[in-house]
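Novice: This is the structure, below, for whatever I ask next.
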Amino acid sequence: MKDRVFEGRDITRALEAASVGLGMPVARLRYVVLEEGAEATLAAPAAPARIVVFLDATEGAAPRVPSRPASSPAERAAGDAKPRLRRLVAAVAETAGEPLEVVFEDGDETLVLRVSGPGEALLLERGGEALRALEHLLQRAVSRDEPRRLRLTSERFRSDRDAFLRGRARTLADAVRADGVPRETEPLNSYDRRIVHLAVQDEPRVRSFSVGEGAARRVTIAPELEGPADSPEVQ
């Protein structure tokens with residue numbers, strides 16, 4: 001799932017910005033409203049309208065705007081992002097045509113959103129690529145109101161994701177053994193890197209180590225005599 005966020009004084013202006021920026025007529029944009037925009041009040045400053053446009057949408061798809069109201073100035077002032085997150089998940093599900101429900105789990109540093117419903121299978125395709133993209137979209141949408149990191153997950157996600165990562169590690173290990181050329185994964189979080197490292201430990205004549213910083217950190221799988229001298233990262 002690819003996306004781009006556009007802003008404007010109101011939704012019409014945000015759509016015009018998206019149309020110009022993407023070189024597409026408004027009628028072909030498939031989008032979800034992140035914020036409808038609001039005038040300044042004593043409780044909250046003025047907020048621009050923001051939309052997210054899905055770039056991999058089919059041609060000729062009509063825009064679908066959720067009828068649910070945007071967050072109120074009182075909600076923004078209180079800093080409670082949950083009602084907005086619930087509406088955004090429902091709006092994305094409506095756009096995709098597959099219903100989703102969400103339950104929140106509060107932590108000191110992380111707010112977990114557990115989704116379930118018919119749309120869950122769509123989010124888990126290709127190792128959870130769409131779920132991670134939706135997580136990124138939601139984080140961007142409430143970054144001004146919710147200081148905690150958001151984590152989007154589902155009942156099926158973790159087991160499916162772990163199996164996908166183990167299979168990916170085996171595939172990369174086979175390729176490295178075939179030609180001796182190191183391979184890298186896509187950027188992974190610390191848990192996902194650990195799954196890859198543990199899978200590689202069971203593969204002969206290859207080793208793994210992490211490279212990069214922060215969100216760009218990846219796992220490199222290389223012939224057993226190449227790479228840093230320290231032990232593979234397992235955290």
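Novice: Taking 0.36 nm per intervening residue step and subtracting the Cα-Cα distance, what contour gain separates Glu155 from Asp202 on full extension?
Specialist: On the way: separation 47, 0.36 × 47 = 16.92 nm, distance 2.72 nm.
Between Glu155 and Asp202, full extension yields an extra 14.2 nm.
Novice: Could I ask something else about it? Report the semi-axes of the equivalent ellipsoid for the range 141-208 in whole Å, largest first, where each axis is √(5λ) for an eigenvalue λ of the Cα gyration tensor.
Specialist: Taking √(5λ) for each Cα gyration eigenvalue gives 31, 14, 9 Å.
Novice: Using R₀ = 41 Å, calculate the FRET efficiency as 1/(1 + (r/R₀)^6) where r is the Cβ-Cβ separation of Ala215 and Glu16; round to 0.05.
Specialist: The pair Ala215/Glu16 has a calculated efficiency of 0.80.
Novice: May I ask you to derive the FRET efficiency for Asp174 and Arg86 from their Cβ-Cβ distance with R0 = 35 Å, giving the value to the nearest 0.05? Numbers along the way, then the final one.
Specialist: Working: r = 43 Å, r/R0 = 1.24.
The value I calculate is 0.20.
Novice: Something else about it: With a Cα-only, solvent-free Debye model of the range 87-206, what are the log10 I(q)/I(0) values at q = 0.16 Å⁻¹?
Specialist: Here log10 of I(q) over I(0) equals -0.82.
Novice: Suppose R0 equals 30 Å; then what is the FRET efficiency for Arg166 and Glu98 from their Cβ-Cβ distance, rounded to the nearest 0.05?
Specialist: It comes to 0.65.
Novice: I've got another one for you. Kirkwood Rh over Cα pairs of the range 83-156 into Stokes-Einstein at 25 °C, 0.890 mPa s: D in µm²/s? Please list the in-between numbers first.
Specialist: Details: Rh = 12.3 Å.
D, rounded to a whole number, is 200 µm²/s.
Novice: Across 10 Å bins from the origin, how do the percents of Cα pairs in the range 172-225 run, short distances first?
Specialist: All Cα pairs considered, the percentages come to 28, 55, 17, 0.
Novice: Write down, largest first, the equivalent ellipsoid semi-axes of the range 78-119 in whole Å, where each equals the square root of 5 times an eigenvalue of the alpha-carbon gyration tensor.
Specialist: 21, 12, 6
No lab work stands behind these numbers, since they all come straight from the coordinates. Here the structure is a predicted model, which is why all the values come from computation and not from measurement. Backbone-built Cβ (ideal geometry, glycine too); neighbour counts: all protein chains shown.
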